[in-house]
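Inspection log for the structure reproduced underneath, given as structure tokens.
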Amino acid sequence: MSGVAVAQVVPSEGRSPLESEIKSTVRATDREARLRWMVDEYIDFVARVLRNAGTPAAEVDDDVQRTFIAAARRLDDVRPGAERSFLLQTALYVAAHARRTVARRREVAAEEAPEQIDPALTPEQLTDQKRARHLLDRVLSEMDGDLRTVFALYEFEELSMAEIADALAIPRGTVASRLRRARSDFRDRVRALGTTKKGDLSP
Amino acid sequence: MNDPRRLRDEADSTVELLLLEAGVSYRSSDNARAKTLAALGLAGSAAVSAGALSVATSSLLSKAGWTKALFVAGLGATVAAPAGYVAWRHAHPQAIAVPVPAVAPVRPTAHPVVAELEPVHPVENSTPPPAAPAPKAEARTTAASALAAELGALDAARTRLSSGDASGALAKLDDYARAYPRGHLVLEAEVLRIDALSKAGQKAQASRRAEAFLRRHPNSVLATRVRGYVD
């Protein structure tokens, strides 16, 4: 929309101050619209990537903010159509950064945010879902970080191995190797849950 | 080299399936959406409502037998997006300054494959609603409406500020503080107040509040922006 508007309103160089202002306003509006679309379209994706990459529940909201603020700052560098890829890479970076920043833990430790839960569930089912998330967190936290990342992108985001290789800038053979090891490791850990005492599985 | 089937398609136990589904079904909170929109200076009423009403589902959840698919369509009226954010954001490029993106990996032209992906769960938005909303969904809608109203109140202040009316913005922020003393967006409101104070010529007070903000929230997403107001 704005591209056409710009072409019509500002046809050439030597613009007047008013024309420049109009063009700037149109660009800003276009940018806002794109950014808003990215939030609407990908905020669940970003939250899920962050959470499954190891971001504690209490920190997901802030890191969602961080990811999109980063996107806003670099929006002009993001090729149209590559928004999801950019958000994925940024979210992974934010998650890794958060894990390294011990200081942040202190601020959020006292206020544990609730997990996001499907509102359609019954109380009994809610308990099951919370427990499943708790167990998943435990399993994922025990996995090697590189394996975990590939596992989450393949199994939860359903990216292809080629897409993961591209996103992580690693050879596809490495992705395949990590995925194979990650799946084996995940299954072993899940099977081990079955041998854990019942009380140990409670959230 | 063919990609293997997803583990969920060949889960060897219910526990495994439930855990995998827990990873897939996670989604953002309404609070995160509101805070993100506020931090970005985007008008967000409609988006918050839309997000709250977009109830995720999954055939695998049904397969697991511990939930059912639920869609809520056409609930509630979304509010037209306020316009004040655009001009304000245009005049505040520093508003989105955070330490992360300086080294965040950006390869805008190097990921055509990933970029061409369909949305994660395209079926979620195209399937007709099979069931009526549950009470919890209604409660969630109410909460989302409250968030949208709160965001709208903040936007009223931002609109004043973007039009050069710093005093009017401060008055609107006072209104916001009275209406939402324990609001979800109090940090965003405080940053907006610091900005308004600075623009109203009360730079010393803006600096004091900025310092206080940084003492209380040194690792806030908004800290980078607030530092710019400290003398």
Could you say whether any residue in the stretch A:92-100 is modelled with pLDDT under 60 and within 19 Å of the chain's Cα centre (by Cα)?
no
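Yes or no, residue by residue, for (1) at the interface with chain B (Cβ under 7 Å from one of its Cβ atoms); (2) in contact with a Pro (Cβ under 6 Å, 6 or more places away or on another chain); (3) at pLDDT 85 or above:
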{"position": "A:67", "(1), (2), (3)": "no, no, yes"}
{"position": "A:70", "(1), (2), (3)": "yes, yes, yes"}
{"position": "A:127", "(1), (2), (3)": "no, no, no"}
{"position": "A:133", "(1), (2), (3)": "yes, no, yes"}
Requiring at least 2 residues that are β-branched (Val, Ile, Thr), the helices (runs of 4 or more DSSP H) wholly within the stretch B:146-231 are B:186-199, B:223-227
Out of the residues in the stretch A:32-65 meeting the condition of being within 7 Å of chain B (Cβ to nearest Cβ) and touching a residue at least 60 places away in the same chain (Cβ under 8 Å), tell me which one is nearest to residue B:218 (Cα to Cα).
A:47
Only one of (1) modelled with pLDDT of 95 or more; (2) within 28 Å of residue A:41 (Cα to Cα) is not met by residue A:178, so which one is it?
(2)
Which residues, counting only those in the stretch B:160-188, are closer than 22 Å to residue B:221 by Cβ and touching a Gly at 6+ places or on another chain (Cβ under 7 Å)?
B:162
Give me the residue from the stretch A:79-100 that is part of a helix (DSSP H, G or I) and among the small types (Gly, Ala, Ser) and, out of that set, surrounded by the fewest Cβ atoms within 10 Å (Cβ to Cβ).
A:96
At the interface with another protein chain (Cβ under 7 Å from one of its Cβ atoms) and not aliphatic (A, V, I, L, M): is that true of residue A:183 in this structure?
yes
Would you please name the residue that is modelled with the highest pLDDT, looking only at residues in the stretch B:17-52 that are in a loop (DSSP other than H, G, I, E, B) and more than 7 Å from chain A (Cβ to nearest Cβ)?
B:41
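The values are calculated or read from the model by the stated rules, or taken from the named source; none is laboratory data. Bear in mind the structure is a predicted one, so any value in this text is a computation, not a measurement. Cβ coordinates were reconstructed from backbone atoms using ideal geometry, including for glycine residues, and neighbour counts include every protein chain displayed.
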